[in-house]
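Working notes for the structure below.
The values are calculated or read from the model by the stated rules, or taken from the named source; none is laboratory data. Because the structure is a prediction, the values reported are computed rather than measured. Here the Cβ positions follow ideal geometry from the backbone for every residue, glycine too, while neighbour counts run over all protein chains shown. For the accessible areas, the whole protein counts, side chains as well, though only heavy atoms, and no ligand, DNA or RNA atoms are used. Shrake-Rupley method; radii C 1.70, N 1.55, O 1.52, S 1.80 Å.
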Amino acid sequence: MCSETASPDIHLNWAAWVGLDEGIVTFTRDWPANSKPGLWWGEDRLELKHLRRAQAPSFGLHAGYYGRKRKIVFVFPRHLAGEVDLHDGLFLAGSFNGWEAAIGDSRWRLQPQEVGGESCYILEVSRRKMPAEEATFKFVSAHGHWFEVPEQAPNPHFDGLGNRNYLFHPGRTGRHRFLFKTPLPLQQSGGRKLYFEGPEGVESVRLNPGIFLKSLGTEAFLGAKVGVETTLFHFFAPRARRVFLHLYENPDGPEGEPVVMEYTDDLVWEASVPGNRHGWFYHYTVEGEEGDEVGYFDASFRIPDPYAMAMAGPRGPGIVVEDAFFEREPDGFTAPHWHDMVIAEAHVRDLTAHAPVAMEDGERLEFTGLQKWAQAEGFYLKQLGVNAVELQPVHQFDTMEKETYGWGYMPVNFFSPASQYARDPAALDQVRQFRELVRCLHERGFAVILDVVYNHVGEPNFLQYIDMEYYFLLTEDGHYQNYSGCGNTLDAETPMVRRLIRDSLVHWIQAYGVDGFRFDLGELLGKETLAWLEQELKAVHPPVVLIAEPWSFRGHIARDLRETGFASWNDNYREFVRDYLLLKEDASGLGYHLLGSAPEWSRFPAQTVNYLASHDDRCWIDKITQNGHHDGTRPTADDRRRTHLMAALLMISLGIPMLAAGEDFMKSKGGVNNTYLDGERNAIPYERAAEYSGTAAFVRGWIRFRLSSRGRLLRLAAFPEDGYFEVFAEGPLFALLINADRSGGPERLLFVVNPDYASREARFDGEDLSAFRQLADTERWGDPFLERPLFARGSDFLRVPALSCGLFLEG
């Protein structure tokens, strides 16, 4: 095969690494047969080795088509179909055959055949029957299921209507790609570009590490491991030229001479240091290729180990911790089943700031302060009656000063409890204090769920100094994709990001006894990663609680997560119930949300986490208040009644109910929407519970009912058969008969709610309402039944007052 100058319409298109010393280059059109392009590497014109044409079928496996002599072969790998049945046929549909018109047409039906050793469906079409210009296409089942174009496809086309199709190019059919070997490996490439003598002069292109770089991974030990005579350090930095370990006995140094680490066959950098270095401090420095356009290598930057089990501060250094330090006696706590949970979302410092218990100086800022409050007789969450607490992030975040308040959603280490919440983090107090806090919460009857942030990192962004291109989603020109809204987005599909997430979650379970996790902006981790994490974590701790915030600035995956064992925060529930209580929605859609948002959202009831407010945005009372500027500081009488209706609806709904701390006594943030740095506005104003004691008591009564023996009729592990629920909806009036068919035992419940300003009458054909006794109205709980005044009713009707709800029991 001889070297040949390019024809006038052939140019360099793209190049990438496919191995540590191998690359691929593509051109804008198929290269002529029996020749090869004139290519060289770097301005010093290094010669490429073993330049050869790539196999066209391998292009087809990713692009959906390739050329073979006088035919175009369309290829659909079988694994892309997932669980979709292709027994009745798979068809090629595109702009050249009428799209939907091709379904069922035997001329466009693909047949099973292996391609490159992979099970596929193919269709051979004469080149003469294909358009001479570009065209778009997709694969579709006989039953109209359109298969999405994979993310890794090299030829996606967006039509401007939200559709992603394959692009067919008649001059680019797989013979436009060449493989080669480089004289130097990736780590020593010096940022060299690939050069080509094009028709209009010399052209160049960067070798993108791309898919190859992001495929690298190892299961070798990472972090610091203390042995009897030595301490071993392992560090993953796939494109580093050299890595240095800096180890020192005091957090402020002196650091001494750095240890040069060795690169191993397991793709890790390794150093072995004599002696037991438990309690010592360390960081790394990394030398990379200065010429790399998308690298962020800086040999002077101090990088704490991503696998450091403890951090002395938000900038490090990491602390060497021996395994024995994490050993703990099991506390015997078993978290409630998901369907038996009622969750309170809270921040460590919001709970402690105004807690009515004596504390020493600084303790209100620490895990120890929350532990003292939790041990107190009047602990707020115990009075509230919930059995699970979801703590906002407690992993190491980037707030520099201990006294500075922050929500914690800017992580800089995923293993270490926050140094800001510890008395002396350099002495490992963060580990001791958080471990004791979890034990204390367990003793008080609370499951501990952690809000974890794996979609982005805070500042300083240590991971970018290890390998920015490996760890993050970037634009084509090397800038961060900001789907998180926080400046960067971790690439959760890369093996070592996945492993970092898994290993740190397992650590929180094993070292501290944590019961579960809520994944911030879980959409950015994706269904596949979340499903893999579920499998990995349940192998370690089968009852682990897994909750996703299923959206991001990129999309929403709650319906996809239905196929997994994850629960999801239900924002549709949040929006609909609020609008219903504000008379912006009628009762016709309420039953769907109260009965588990099935089947679109949930496969089992506890897959929906129902809530009306969280730490984000405004408080509940600020969202619905009649006051101006969303300021619910002094709620109106109607605001208060709507709060009572909200609590009743939340606790009557199938799923996991969640309250934001303080919601039971209408905590307000004065209408401020974003308070992530405002500790005073976020702090729980416990005196307000006395000011609005009736509301607090009413909400707590509903929680007691939810967790009572009668509440079992709502705490369902699986969706019941038809007939268990009967729904009445007319205008704003809603009624729900629970255990209507008595399949759950002799007792039946009737719940009614009317958010209107006028009383409403509900009629129940075939039901004798005289057998029902009233348990609760909009203000009171009976003991066990209410005394007069009661809702007016007859044998077949019930009159519900304005802005009111009621709960009744038969049996």
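Taking the criterion of being surrounded by 21 or more Cβ atoms within 10 Å (Cβ to Cβ) and farther than 21 Å from Val544 by Cβ, the only residue of the range 495-514 that qualifies is Met496. Step by step: first the residues of the range 107-144, then only those that are of a type in the set (D, E, K, R) and in a loop (DSSP other than H, G, I, E, B), then the one that is farthest from the chain's Cα centre (by Cα). Which residue is that? This residue is Glu133.
When Asp477, Asp424, Asp451 are checked against the criterion of being among the charged types (D, E, K, R), open to solvent by 10 Å² or more (accessible area, probe 1.4 Å) and at pLDDT 95 or above, a single residue qualifies: Asp424. Considering (1) open to solvent by 20 Å² or more (accessible area, probe 1.4 Å); (2) among the small types (Gly, Ala, Ser); (3) not in a loop (DSSP other than H, G, I, E, B), the lone condition that Ala344 does not fulfil carries the number (1).
Residues that are among the hydrophobic types (A, V, I, L, M, F, W, C) and more than 17 Å from Leu370 (Cβ to Cβ) were ranked within the range 381-419; the one that is farthest from the chain's Cα centre (by Cα) is Met400. Does Phe719 meet the test of being farther than 26 Å from Trp407 by Cβ and either in contact with a helix residue (DSSP H, G or I) (Cβ under 6 Å, 6 or more places away or on another chain) or surrounded by fewer than 19 Cβ atoms within 10 Å (Cβ to Cβ) (or both)? The answer is yes for Phe719. Residues in the range 533-585 that are of a type outside the set (D, E, K, R), more than 30 Å from Arg641 (Cβ to Cβ), open to solvent by 50 Å² or more (accessible area, probe 1.4 Å) and not in a helix (DSSP H, G or I): His541, Pro542, Pro543, Phe553, His556. Summed over the range 664-694, residues that are open to solvent by 10 Å² or more (accessible area, probe 1.4 Å) and within 23 Å of His339 (Cβ to Cβ) total 0.
Within the range 299-312, the set of residues being open to solvent by less than 10 Å² (accessible area, probe 1.4 Å) and either within 17 Å of His395 (Cα to Cα) or without any contact (Cβ under 8 Å) to a residue 24 or more places away in the chain (or both) comprises Pro304, Asp305, Ala308, Ala310, Met311. Scan the range 514-525 and tell me whether some residue there is at positive phi and in a helix (DSSP H, G or I). Looking through the range 514-525, none of the residues is at positive phi and in a helix (DSSP H, G or I). Could you tell me whether the range 166-174 includes any residue that is open to solvent by 30 Å² or more (accessible area, probe 1.4 Å) and modelled with pLDDT under 95? There is no residue in the range 166-174 that is open to solvent by 30 Å² or more (accessible area, probe 1.4 Å) and modelled with pLDDT under 95.
When Gln464 is tested against (1) surrounded by fewer than 21 Cβ atoms within 10 Å (Cβ to Cβ); (2) within 23 Å of the chain's Cα centre (by Cα); (3) part of a helix (DSSP H, G or I), just one condition goes unmet, and that condition is (1).
Of the candidates Trp338, Trp373, the single residue that is at pLDDT 95 or above, touching a strand residue (DSSP E or B) at 6+ places or on another chain (Cβ under 8 Å) and aromatic (Phe, Trp, Tyr) is Trp338. When the residues of the range 202-251 are filtered to those that are within 24 Å of Asp323 (Cβ to Cβ) and of a type in the set (Val, Ile, Thr), the one that is surrounded by the fewest Cβ atoms within 10 Å (Cβ to Cβ) is Val228. You will find that of Pro393, Pro330, Pro356, the residue that is open to solvent by 10 Å² or more (accessible area, probe 1.4 Å), modelled with pLDDT of 95 or more and either part of a loop (DSSP other than H, G, I, E, B) or not hydroxyl-bearing (Ser, Thr, Tyr) (or both) is Pro356 and no other.
Could you look through the range 155-165, keep only residues that are of a type outside the set (S, T, N, Q) and surrounded by 15 or more Cβ atoms within 10 Å (Cβ to Cβ), and pick out the one that is farthest from Gln55 (Cα to Cα)? Filtering the range 155-165 for residues that are of a type outside the set (S, T, N, Q) and surrounded by 15 or more Cβ atoms within 10 Å (Cβ to Cβ), the one farthest from Gln55 (Cα to Cα) comes out as Arg164. Could you say whether any residue in the range 412-420 is farther than 17 Å from Leu505 by Cα, open to solvent by 10 Å² or more (accessible area, probe 1.4 Å) and of a type in the set (A, V, I, L, M, F, W, C)? No - not one qualifying residue is present in the range 412-420. When the residues of the range 723-736 are filtered to those that are touching a residue at least 24 places away in the same chain (Cβ under 8 Å) and within 36 Å of the chain's Cα centre (by Cα), the one that is farthest from Arg641 (Cα to Cα) is Phe725.
Residue by residue, here is whether (1) open to solvent by 10 Å² or more (accessible area, probe 1.4 Å); (2) hydroxyl-bearing (Ser, Thr, Tyr); (3) assigned to a loop (DSSP other than H, G, I, E, B) holds:
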{"site": "His50", "(1), (2), (3)": "yes, no, no"}
{"site": "Phe59", "(1), (2), (3)": "yes, no, no"}
{"site": "His62", "(1), (2), (3)": "yes, no, no"}
{"site": "Phe74", "(1), (2), (3)": "no, no, no"}
{"site": "His79", "(1), (2), (3)": "yes, no, no"}
{"site": "Asp85", "(1), (2), (3)": "yes, no, yes"}
{"site": "Asp88", "(1), (2), (3)": "yes, no, yes"}
{"site": "Phe96", "(1), (2), (3)": "yes, no, yes"}
{"site": "Ala101", "(1), (2), (3)": "yes, no, no"}
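Regarding Gly766, is this residue farther than 30 Å from Leu582 by Cα, more than 43 Å from the chain's Cα centre (by Cα) and not β-branched (Val, Ile, Thr)? Taking the combined requirement at face value, the residue satisfies it. With the structure loaded, tell me whether Asp21 is in contact with a strand residue (DSSP E or B) (Cβ under 7 Å, 6 or more places away or on another chain), at pLDDT below 95 and surrounded by fewer than 19 Cβ atoms within 10 Å (Cβ to Cβ) or whether it fails that test. Criteria met by Asp21. Being part of a strand (DSSP E or B) and among the small types (Gly, Ala, Ser) is the filter; apply it to the range 226-284 and report the residue that is nearest to Met468 (Cα to Cα). Per the criteria, the residue is Ala271. Beta carbons closer than 7 Å, at least 6 apart along the sequence or on distinct chains, never pair a first residue in the range 506-518 that is over 16 Å from Pro393 (Cβ atoms) and at pLDDT 95 or above with a second that is in a helix (DSSP H, G or I) and of a type in the set (Gly, Ala, Ser).
Yes/no matrix, rows are residues, columns are (1) within 26 Å of Gly745 (Cα to Cα); (2) at pLDDT 95 or above; (3) open to solvent by 40 Å² or more (accessible area, probe 1.4 Å):
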residue: Ala762; (1), (2), (3): yes, no, no
residue: Gly766; (1), (2), (3): yes, no, yes
residue: Ser770; (1), (2), (3): yes, no, yes
residue: Ala776; (1), (2), (3): yes, yes, no
residue: Trp781; (1), (2), (3): yes, yes, yes
residue: Pro789; (1), (2), (3): no, no, yes
residue: Arg793; (1), (2), (3): yes, no, yes
residue: Phe797; (1), (2), (3): yes, no, yes
residue: Cys805; (1), (2), (3): yes, yes, no
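Counting only residues that are free of Cβ contacts under 8 Å to residues at least 40 places away in the same chain, in contact with a Phe, Trp or Tyr (Cβ under 6 Å, 6 or more places away or on another chain) and surrounded by 14 or more Cβ atoms within 10 Å (Cβ to Cβ), the range 103-135 holds 3 of them. In the range 599-618, the qualifying residues are those that are at pLDDT 95 or above and open to solvent by 20 Å² or more (accessible area, probe 1.4 Å), and the one that is nearest to Lys667 (Cα to Cα) is Arg618.
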